[in-house]
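> This structure is in C-alpha cells; I'll ask about it shortly.
Since every read-out is calculated from the coordinates, none of them should be taken as a lab result. Treat the numbers as computed from the prediction; the structure is a model and nothing was measured. Methodologically, a virtual Cβ is constructed for each residue, glycine included, from the backbone with ideal geometry; neighbour enumeration extends over all protein chains shown.
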Amino acid sequence: MTAPEPAGQTAGSGPLLTASGLSVTFNVGSAFGARIRKENFVLRAVDGIDLEIERGEALAVVGESGSGKSTLARALTGITPVAAGEMIFDGRKLAARRRGRDRRRIQMVFQDPYSSLNPRLTVGSMLSELLRVHKVVPRSEVESFSRELLNLVGLSEEALPAYPRQFSGGQRQRVAIARALALRPDLLIADEPVSALDVSVQATILNLLRDLRAELGLTLMLISHNLAVVRHLCNRVAVMYLGRIVELAPTEELFSNPQHPYTQALLAAIPTLEPGSWDEEPAITGDPPSPLNIPSGCRFRTRCPLAEQICHDQDPELRAGAASAGHRAACHFAFSAAGAAAPAGGAGQD
Amino acid sequence: MSITAGAGDQFAPTGGALVEMSPRPADRGVQARRATWYKNPALMAGLIITGIVLIAAIIAPLITFYNPITQNLTDALQGPSAAHWLGTDQFGRDTWTRLVYGARLDLRIAFIAVLFPFTLGVVLGSIAGYFGGWADTIIMRVVDVVVAFPFYVLLIALVFVLGPGARSIYISITLVGWVSYARIVRGEILVAKRQEYVLAAQSAGLSNTRIMGRHLLPNVISQAIIYGMSDIVQDILAIVTLGYLGLGIPPPAAEWGSMINGGQNFLSTHWELTTFPGLAVILVGLGLSLIGDGLADILRPGQ
Amino acid sequence: MTAAFSPGGAPAGPMLQVRDLHVQIATGRGTVRAVDGVSFEVPRGEALGLVGESGSGKSMTLRSILGVLPPTASVTSGQIILDGRDLVPLKQTDLNRIRGPKIAMIFQEPMSALNPVMRVGAQIAEGPMLHQGLSRAKAAERALDLMRRVGIPHPERRMRSYPHEFSGGMRQRVMIAIALACEPEVILCDEPTTALDVTIQDQILRLLARLCRESGVSLVFVTHDLPVVAQICQQVAVMYGGRLAEYGPVRDVLHDPRHPYTLGLVRSAPDFDNVREALIPIPGAPPSLITPPDGCRFHPRCKFAEEDCQVVEPPMKPLPGGRATACLHYERTIESLEAERAGQLDPVDLQVAAEQPDEAAPAAGSAP
C-alpha cells in the first residue's frame, strides 16, 4: 500500500515551523463598555510566543483554560488571524491569508468528534471534495486514494458511503484524522483529540496517532490538558499560561525536573493511582487571573509561592538553563537553587 | 474462543461485510424519522387535502364541462343543478369550472411566487450570517425597513405601481417576502458557523462560497423550508386578496379572489358564488398548513 | 494507606444501601434497561466511587437515589435504603422532605445547575429556610459560613453575586456549599470535576475530602476517571452495561482487578506514573441497552469469554478482602496480570494495540 506521504518533501533541515512573537488578540464587547468596567478591551489570547517545531517530532502544548493553547493551534493552522508576529514554515514565510499549497501543509484535528464532521456529507464526499478542490491526486485516483486514507486510519472502505451519524465517537475521530491527512500535510495539529471520547476508546486514537507518526514521518503538535496522554505520546512539551509559554523541555526532562513553579504545581495536581496525603494544601490556590487583566511583570506572580519584587517589575524571558539547552523556562528563579527549592511535584517522581 | 482485533468494529478492515451496529439512539434518529413520515397525522392529512386540490387542478379539463371564461348570459345566475353543479354566475359562467380553473391559476402563482423570496432571502441571509460585519449590518437594516411596513400595505402599493398581472405579483411578493427567510437563515447560520466542521472546512482552504453552499446551507435550510410552507398559504391569501381588490389577475380570468368579489353582490340570493371560492381558499390553506406542521415535526433537530 | 475519611459515629448499618436496582427508560425505539440489577452499600462517613464509561448506567443510578430521573425513566424494581428507610415507594412530596436534609447532589456542569437569575447567597440559603425552617437572617449567616468553609474569597461581598460572575471552580464551590447547606448525610457527586482544569480539580477534590472528614458525610462519587476515584474514595464499584462488574477497595480493584473490563480500563488509559509501551484499547463498542447481549454483558468484547459467558448471567461472586466480581472466569484476569508483571504481554493484546491492516506493518506495538 502506498501510504500517502506528506506533501512538499520538506527541505530537510532546520525546524519545520518557527513562530516568532506570535500574538492573537480578540476584541471583547465594546470599547466603551470595557472602559466602564475598567477592564481591557483587548483580550490577548496569545501574547508573544516564540516556538520551533522540529521535523518529525511530537510536541505537546499543555495548559489550562485561558492559557491560549487552542487559539495558538488555530493561529498556526491559519483559521484565526494573527495580530502580530510571523510564522516561517519550511523556510518560507507564511502569508497572512494562506493560499493553496500553504493551506494544505498544516492541518488540524478538532476536539469534538460530534460536531467536527458535516452531518450531511458522507465520508466519501467529504474526502473527495478535499481531494478534488486541491487536486491532491488526479481525478481518476480520487476514490482509490480515499480508500487508502481510510485504511490508514483503520477503517474499511464500507465507511465511504456512510454518514457521520452511523459512527461511534472513536470512529468519527478516525474519519477526522483521515480528512486531515487527505491534504497530505507536513504538520498535524491535534486539539484535544481524545478528550471527548470514552476512556477505553482514547487508546485507539492515541495508538493511531503514534503509528501515523512512525509510518508517515508526520510532525505532530498535540494540544492537551491531560499530562498522562502527553507523557505517552510526545517527546517535547510546552507549558502555556495566560498566552505565554512558561516552560519548554523534552518530556521526561520536564516531568522529572520542572523549573517553572506553574509546571511544578500542574504536576503536583495530577491525581494518581497512588494518592498522597490529603492533609496537604492543594498544589495551587485561587483562580487564574482573567486574560483581560494580565498581571504586570511575570503573569504567574499572583499565584506563585516564590514571587518577589522582581517578578512584579520584570517579565521573565523564556531562557535556557546553563546545563540543558533544550530546556527553557520563563522564571527569574529557574535553574537556580531557589527554583529547585520550590515544592516539587508529588506526581511523576519515579 | 477469543475475540481478535476489530471484531466488534464493523468498519475495521479486517472485518467482513457491514454488520448491523448495535443501535444507538442517536444513530437511529434520522432513519427513524424518515421511516415514520407517513405515520405523521398532520403531514398525511395535509398531503391528502392538498393532493386532492392539486390533482383536481391538474385534471381540470376532465372534470369540468364548460369554458371558464366565455360568457353565456342566457344561463346567468342559475342555482346548483345537474347541469351546473354549483350554478352559474352573473355572466353565465359555470361556477364549478371557474372554481377548478381558479385553483390552477392561484396555486400555480402561489407556488412560483414563493420561490423567488425564498431564494433571495436565503442568499442574503446566508451572506449576512456568514460574513457578518458590514454586509450583515446593511442587509439587516434593509430588513428592518421592509418589516416596518405592514405586509399588505407594501404589497398593494407595489402592485398598484407595477400594474395588474402575474408579473407584478411575482415582483411585489419577492420584494416584500424575502425578509423572513433572510432572518431565519441568518439566525441558523450564526449558530451553525461555530460548529467545528465549518472550521475544518476553513482550515482545509475551501472557499467561502463552497462552505456556505455545500456545508452550511444543507444543514440550515430545513427551517426555511418549513417557513416556506406557511409562506405559500400567505401568498395564496395575498393573491386572492389582490384579486378581490381588483389588483390581481385581471378578469375575465377565473381566479378565486375576483370570484369572491364578483359574487358578493349576490350574497343574499346566490351565496354559493362567493362562498365556494372562499371555502376553496380555506381548504388549500388548511392543507398546506398541515403539511408545514408535519414537516416541522419531522425536521425538528434532535429527538 | 490512610483512610481519607474517618468512620462516623456508632449507629448500626450502612448509611445507604442499594439493592437490586432496576431503572428503565421508555424511548421510541424500545425500553432501555439503563440499570439492570445493581447492589452496593455505602458505610457512614465513607466514599464510594461509581466508575464506568458512557452507557454504563452510573448517572442513572445516582439520579434514582435522589429521585431526579427524567420523566421517561423509572425505577422498576429494587430498593434504595437510606438510613433504614426505603426511598423507592416514596412520593415526590415525601422525597422532597428528604432531599436537602438527608441527601444532596453535586452536578457536573455548575453553570446549568445554578439558577442564573438568583443571587448565590440566596441559593445557598434557600435549602435551610425551606427544610429546616431557619429564619432569613439565620439562613444568611449559615450561607456566609458555608461560603467561607468552601473557600470562596470575600464571602460577604460575593454572596450578592450571580453565578455568571464566578469562574468554573468557584461555581463548583458554590454548588458544594448549596449541597452542604442542610447538613446532609449523603452527598451524591455526578462527575463534579470532569469539566474543571486539573489544578482546580485538585482544589475541589481536596475540599470535598476535607469537608467530608470534618462532618462525617458519606459520598457517592460517579466518574470515569480512575485516578480521581483512587484519590477520594475507599470503595469502588465498576459498572458496565447497566450492571456491576466488580466491587471492592479502591486500591485493590485498580491495581489488582478481578474482572476483564476493569483490566481493560486500566490498560487502555494512559497512566502518568506508569508509561507503558502500548495502550491496549478494549475492542468493540458499548452494548445496546435496549437489546443487551445475553449472559454476561461484556462477553462480546471479552478476550477471556467462554461458552457459558454467552448464556449465563454471572452473579456477583464474593471474594476475600471485601471484594466481589461478576466474572465467571476471573482467574484468567489474574493470570493475565501475572503474565504482565512477569514481562510477557499477551499476543492478542498486541494485535489489538497495533490495530492496523496486515499490509501496513506497524513499527510500534512490538513485544518488549
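> Among all the aspartates and glutamates, which ones have a C-alpha under 18 Å from A:Lys135's C-alpha, if same-chain residues fewer than 8 places away are not counted?
Answer for A:Lys135, where 18 Å is the Cα cut-off: A:Glu5, A:Asp102, A:Glu143, A:Glu148, A:Asp186, listed by chain and number.
> Still on this structure, I have one more. Rounding to the nearest 10 and keeping the result within 0 to 90°, find how far the Cα-based axis of helix A:169-182 lies from the longest principal axis of chain A.
80
> Please state the relative contact order of chain C as a whole percent: Cα pairs under 8 Å, 6+ residues apart?
18
> Is any helix in chain B, taking whole DSSP H runs, at least 18 angstrom long along its axis by alpha carbon and on average at least -1.0 on the Kyte-Doolittle scale, and which ones?
Taking the DSSP H segments of chain B (at least 18 Å long, mean hydropathy at least -1.0), we get B:41-58, B:95-131, B:133-148, B:166-192, B:217-244, B:272-299.
> A further question on this structure: What residue among C:Lys317, C:Lys102, C:Lys91 shows peak mean-square fluctuation when chain C is described by a Gaussian network model with Cα springs under 10 Å?
Ranking C:Lys317, C:Lys102, C:Lys91 by mean-square fluctuation puts C:Lys91 first.
> Could you state the orientation-averaged shadow area of the convex hull built on the Cα atoms of chain A, in nm² to one decimal?
It is 20.0 nm².
> Once you mark the trypsin sites (Lys or Arg not before Pro) that are in a DSSP loop and have at most 10 other Cβ atoms within 10 Å, what is the longest gap between them in chain A? Let's see the in-between values first.
Numbers: sites that count: A:Lys38, A:Arg97, A:Arg99, A:Lys135.
In chain A, the maximal stretch lacking such sites is A:136-350.
> What is the distance, in nm, between label points placed 7 Å from the Cα along the Cα-to-Cβ direction at A:Ser13 and at C:Ser135?
Using points 7 Å along Cα→Cβ, the separation is 8.5 nm.
> Same structure, new question: Considering the Cα positions of the protein assembly as shown, please state its Rg to one decimal place and its Dmax as a whole number of Å.
When restricted to the Cα atoms of the protein assembly as shown, Rg and Dmax are 34.0, 118 Å.
> Using label points projected 7 Å from each Cα along Cα→Cβ, tell me how many nm separate A:Ser336 and B:Phe131, to one decimal.
So the label points at A:Ser336 and B:Phe131 sit 5.6 nm apart.
> Identify the residues of region C:127-160 with backbone N under 20 Å of a label point that sits 7 angstrom from the Cα of A:Thr285 along the Cα-to-Cβ direction, or state none.
C:144-159
> Can you give the Kirkwood hydrodynamic radius for region C:257-354, in Å, rounded to one decimal and based on Cα pairs?
In region C:257-354 this quantity evaluates to 14.5 Å.
> Still on this structure, please answer the following. Sort C:Ser112, A:Ser65, B:Ser126 so that the residue with the fewest other Cβ atoms within 10 Å of its own Cβ comes first and the one with the most comes last. Each step should come with its number before you reach the end.
Working: C:Ser112 9, A:Ser65 17, B:Ser126 23.
Fewest-to-most ranking of C:Ser112, A:Ser65, B:Ser126: C:Ser112, A:Ser65, B:Ser126.
> Could I ask something else about it? Looking at region A:17-234 only, what percent of DSSP beta bridges run antiparallel? Nearest 5 please.
Details: 16 of 30 bridges.
Percentage antiparallel, nearest 5: 55.
> Evaluate E = 1/(1 + (r/R0)^6) for A:His312 and A:Val28, where r is the Cβ-Cβ distance and R0 equals 30 Å; express this FRET efficiency to the nearest 0.05. Present the calculation step by step, with values, prior to reporting the outcome.
Values: r = 25 Å, r/R0 = 0.85.
Efficiency for this residue pair is about 0.75.
> Right, next: Can you give me the relative contact order of region C:7-77 as a percent, contacts being Cα pairs under 8 Å and 6 or more apart?
It rounds to 38 percent for region C:7-77.
> While we're looking at this one, here's another question. Please list the equivalent ellipsoid semi-axes of region A:57-118, computed as the square roots of five times the alpha-carbon gyration tensor eigenvalues, in descending order and whole angstrom.
The equivalent ellipsoid of region A:57-118 has semi-axes of 21, 16, 12 Å.
> I've got another one for you. Of the residues A:Val28, A:Val230, A:Val61, which exhibits the maximal mean-square fluctuation in a Gaussian network model of chain A defined by a 10 Å Cα contact cut-off?
The residue that fluctuates most here is A:Val28.
> Which order do C:Val275, A:Val109, A:Val82 fall in if you start with the one that has the fewest other Cβ atoms within 10 Å?
Fewest-to-most Cβ neighbours within 10 Å comes out as C:Val275, A:Val82, A:Val109.
> While we're looking at this one, here's another question. Of the lysine pairs in chain C, how many meet both conditions: Cα atoms under 21 Å apart, and a spacing of 8 or more in sequence or different chains?
5
> Next up: Within chain C, what percent of beta bridges assigned by DSSP are antiparallel, to the nearest 5? If you can, show how the numbers build up before the last one.
Working: 32 of 51 bridges.
Taking every DSSP beta bridge with both residues in chain C, the antiparallel ones total about 65 percent.
> Same structure, new question: Suppose R0 equals 45 Å. What FRET efficiency, 1/(1 + (r/R0)^6) with r the Cβ-Cβ distance, do B:Thr269 and B:Ile138 give to the nearest 0.05?
Between B:Thr269 and B:Ile138 the formula returns 0.20.
> Another question, if that's okay. Per DSSP helix of 4 or more residues, -39500 (n - 2.57); summed, then divided by the residues of chain C. What does that give at 222 nm, rounded to the nearest 500? Don't skip to the answer; put the middle values down first.
Details: 13 runs with 123 residues, N = 368.
The helix-only estimate for chain C comes to -9500 deg cm²/dmol at 222 nm.
> Would you mind pulling out the separation of the Cα centroids of region B:92-159 and region C:50-78, in Å?
51
> Could you work out how far apart the two model spin labels at A:Ile36 and C:Arg148 are, taking each label as a point 7 Å from the Cα in the direction of the beta carbon, and quote it in nm?
Result for the modelled spin labels: 3.5 nm.
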